[in-house]
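In what follows, a structure is listed as structure tokens, so that the remarks can point back to it.
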Amino acid sequence: MRILIVEDERPTAEDIAFLVKEILGNGSASIHIETTLGNALLFLNEKPIDVLLLDLNLNAKDGFDILKQMVSKSFHTIVISANTNRAIEAFEYGVLDFVPKPYSQERLESAFARIKSNHSVDGHAIKYLSVKRGFEIQAISLDDIRYFKSANIYVELHLKDGHPVIYDKPIKMLGALLPPNYCRIHKQYIVNCETIKALQILGGGQYRVVLQSGDCLPVSRNKIKTLRKFVQL
């Protein structure tokens, strides 16, 4: 796992790195530290990472500027900050977890456990997805999305207005962010189960859901039991 720690106090960054190695095992993580916003941006432009551990106060500069400029990068972000008043904002815009300072090994371990989770926990989940459209970054509400469709390393957001928008991250990253009422019904599709109107048997072991929007999407057989919690055949 490739990890970048962005923390303006070097001793704190090194302590976090030590704890992360304890959690993941010394051979399981490649950890790099940057102490300034500018250097962190340069590193992210040149090197791929899996997880960003981010402080929000970087010598009076806002750590969220990294997320705004790196919206198309495929990594999870865990904020480690004393600015707990910004936790709701962080979760709504797709941060995986918010670990308040003073942190502990147990709390960091819980944050890393979310990376493997099927959906968000503790009631924290995104309300928006940030997408890049031209030179602008636009926040799209989950309420405006009919369903998600995998498109190789990206995801198509199929909006209620009929237009698809590209989300520059793979579908497997969405599971840990979306609320628990969202389900990956097929290798290519995620839907809000509360918008399912009907679950249909097509024969030959094939199934599909009909959404309230009228969309018909395929369902994998191993998802039928999960979907029955939301709708009856």
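When the range 75-110 is limited to residues that are in a strand (DSSP E or B) and within 21 Å of residue 169 (Cβ to Cβ), the one that is nearest to the chain's Cα centre (by Cα) turns out to be 76.
Listed here are the residues, each with its yes/no results for (1) surrounded by 14 or more Cβ atoms within 10 Å (Cβ to Cβ); (2) touching a residue at least 12 places away in the same chain (Cβ under 8 Å); (3) under 19 Å from the mean Cα position of the chain (by Cα).
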position: 165; (1), (2), (3): yes, yes, yes
position: 180; (1), (2), (3): no, yes, yes
position: 184; (1), (2), (3): yes, yes, yes
position: 191; (1), (2), (3): yes, yes, yes
position: 196; (1), (2), (3): yes, yes, no
position: 211; (1), (2), (3): yes, yes, no
position: 215; (1), (2), (3): yes, yes, no
position: 230; (1), (2), (3): yes, yes, no
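Residue 172 meets the conditions (1) closer than 30 Å to residue 95 by Cβ; (2) surrounded by fewer than 15 Cβ atoms within 10 Å (Cβ to Cβ); (3) in contact (Cβ under 8 Å) with a residue 24 or more places away in the chain; (4) basic (Lys, Arg) in every case but one. The failed one is (3). What residue, among those in the range 41-52 that are among the aliphatic types (A, V, I, L, M) and over 15 Å from residue 76 (Cα atoms), is surrounded by the fewest Cβ atoms within 10 Å (Cβ to Cβ)? The residue in question is 42.
One residue is enough: does the range 1-21 have a residue meeting the conditions among the small types (Gly, Ala, Ser), in contact (Cβ under 8 Å) with a residue 12 or more places away in the chain, on the phi < 0 side of the Ramachandran plot and touching a helix residue (DSSP H, G or I) at 6+ places or on another chain (Cβ under 7 Å)? Within the range 1-21 (the criterion being among the small types (Gly, Ala, Ser), in contact (Cβ under 8 Å) with a residue 12 or more places away in the chain, on the phi < 0 side of the Ramachandran plot and touching a helix residue (DSSP H, G or I) at 6+ places or on another chain (Cβ under 7 Å)), the answer is no, since none of the residues qualifies. Picking from 62, 55, which residue would you name as being surrounded by 20 or more Cβ atoms within 10 Å (Cβ to Cβ), over 26 Å from residue 219 (Cβ atoms) and at pLDDT 80 or above? One residue alone meets the criteria, 55. Taking the range 168-185 as the range and being of a type outside the set (Asp, Glu) and in a loop (DSSP other than H, G, I, E, B) as the test, the residues that pass are 169, 170, 174, 175, 176, 177, 178, 179, 180, 181.
Is it true that residue 142 is modelled with pLDDT of 85 or more and not assigned by TED's automatic domain parsing to the domain that holds residue 196?
no
Per-residue answers, yes or no, for (1) modelled with pLDDT of 90 or more; (2) assigned to a strand (DSSP E or B):
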| position | (1), (2) |
| --- | --- |
| 31 | yes, yes |
| 38 | yes, no |
| 41 | yes, no |
| 44 | yes, no |
| 66 | no, no |
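For the range 101-139, the set of residues classified as out of contact with any helix residue (DSSP H, G or I) (no Cβ under 8 Å at 6 or more places or on another chain) and modelled with pLDDT of 85 or more consists of 101, 102, 104, 106, 107, 110, 111, 113, listed by residue number.
The values are calculated or read from the model by the stated rules, or taken from the named source; none is laboratory data. Every value quoted in this text rests on a predicted model; they were computed, and no experiment measured them. Every residue, glycine as well, gets a Cβ built from its backbone with ideal geometry; the counts of neighbours run over all protein chains shown.
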